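Encoded as structure tokens, the structure appears first; notes follow it.
Every number here is computed from the coordinates shown, using simple stated rules; none is lab data. This structure is a prediction, so every number in the text was calculated from the model and none was measured. Cβ placement follows ideal geometry from the backbone for every residue including glycine, while neighbour counts extend to all protein chains displayed.
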Amino acid sequence: MGRFTALAAATPVLERPASRDFVPGEVSSVSSIGQASPSRVRRLTRRTLPDEDRYLRLREVGIHRPAGPLRSEAIARAALVQAHTRVLDEIADAKAARVVARYLYDEAIVYGVVDEERALTRRAVDRWLFRDDVFSRRSQRTYRTILYAAGRTLYPHEFPEPHRQRGPRRKAVPAAGVSLEAELYAVAANLRPVLRAQLLTILDLTTGAGLSSQEIRQLRGSDISPLELPEHTAVQIAVRKRGVVSRVVPVVCPVRGHRLLTRARDVGNGFVFPIVGESMPRNAVCHVSEELVELGFPGFNAAALRNRWVVKLASDPGMPAAMLMKMAGIADLRVLHDLEADLPRYTPEDEAKALLRSAGEYL
């Protein structure tokens, strides 16, 4: 028997999990490093990605874990999983990817290899989430939402979609005053360069194209392009919702259009809204209004500026309701009921004349 001694298995190297309370059910409290998952065809790969750019962006996130191959692999696999979930804005997307990466890292320590298919079962996720005195109730709810969404990409039957109850519809923000738009454009000339560029971008996109604050923050230079008309050169803006173009809005004002097109060419595929640094702040548009107030200038509400644009279109006799809904990205005309005080007062005679102009004798 002595001649087989040299072939005996070496003593495995042991490593403890990140938390003493978290021990995967599939193994004992310690396990040998290098116990790789079996070779198989993975369910999620780069070929199944709906958006390659989103995946590459999420791979750049960082987590507070020791540097090394395990952390790198946890981030890469988390980016792959998160890129298969429902599209979020970039800030929330990066936050979710970090949560998934931290979880995959903690779960993988005992195995020595990251395996999202092993880690994202309902049983494993719940065991990590519902440890005693580890997370606050608020953090636990946040992590549960993120990890359940990640697990749903692999095991939809284990993580069914939550039943969402619709609350009462929020009424539209009243339209901004008629004179506020002109006042803000005049104020822009007195501001420092960065703040001036931010304010002009907000004004051009709300009063010229009816974009919301979120749409302004997400707009990229590649979403703006020229629109050639027989007698006029305009600009068209592709507005995205969850990464997909939901509507295209033309800007016919030559001054606004030139400014937006110039900015788009300068930034390429970057953000149109000027920012300091590489990440877009969640309240970037609100911060501009706050700075104006601190400087003694009038503030603004981007939703109110957008709704002034909606009121202008709705008050134009040549604007069909269907075109208004398409351009503004509204699902129904209830928003106009909320803005009724800002709309023109029509008499029955006005309405009859409008019907006659639209072949109303047949209506």
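Miscellaneous remarks
- Under 17 Å from residue 326, Cα to Cα: lysines that are on another chain or at least 8 residues apart: 241, 312
- Highest-first packing order for the peptide set 244-250, 112-118, 202-208 is 202-208, 112-118, 244-250, based on the mean count of other beta carbon atoms within 10 Å.
- Note that the stretch 177-307 shows a convex hull volume over its alpha carbon atoms of 113 Å³ per residue.
- Between residue 182 and residue 87, residue separation times 0.36 nm minus the direct Cα-Cα distance comes to 30.6 nm.
- Amide H within-cut-off set for residue 227, under 5 Å, with H built and near neighbours excluded: 234, 235, 236
- For the pair residue 258 and residue 139 in one chain, pulling the backbone fully straight at 0.36 nm per residue adds 38.3 nm over the alpha carbon distance.
- Multiplying the residue separation of residue 304 and residue 358 by 0.36 nm and subtracting their alpha-carbon distance yields 16.3 nm.
- Proximal aspartates and glutamates relative to residue 353, as straight alpha-carbon distance under 16 Å, when same-chain residues fewer than 8 apart are discounted: 316, 361
- Nonlocal amide H pairs with residue 246, under 5 Å, H built at 1.01 Å: 239, 240, 241
- Taking the square roots of 5 times each eigenvalue of the Cα gyration tensor of the stretch 44-152, largest first, gives ellipsoid semi-axes of 20, 16, 13 Å.
- Calculated FRET efficiency for the pair residue 64/residue 286, C-beta based, R₀ 41 Å, to 0.05: 0.90
- For the Cα trace of the stretch 97-161, dividing Rg by the Kirkwood Rh returns an Rg/Rh value of 0.94.
- Computed packing ranks the peptides 93-100, 255-262 as 93-100, 255-262, most packed first, by mean other Cβ atoms within 10 Å.
- Theoretical FRET efficiency, 1/(1+(r/R0)^6), r = Cβ-Cβ of residue 118 and residue 47, R0 30 Å, to 0.05: 0.90
- The chain: translational diffusion in µm²/s, Stokes-Einstein, Kirkwood Rh over Cα pairs, 20 °C, 1.002 mPa s: 87 µm²/s
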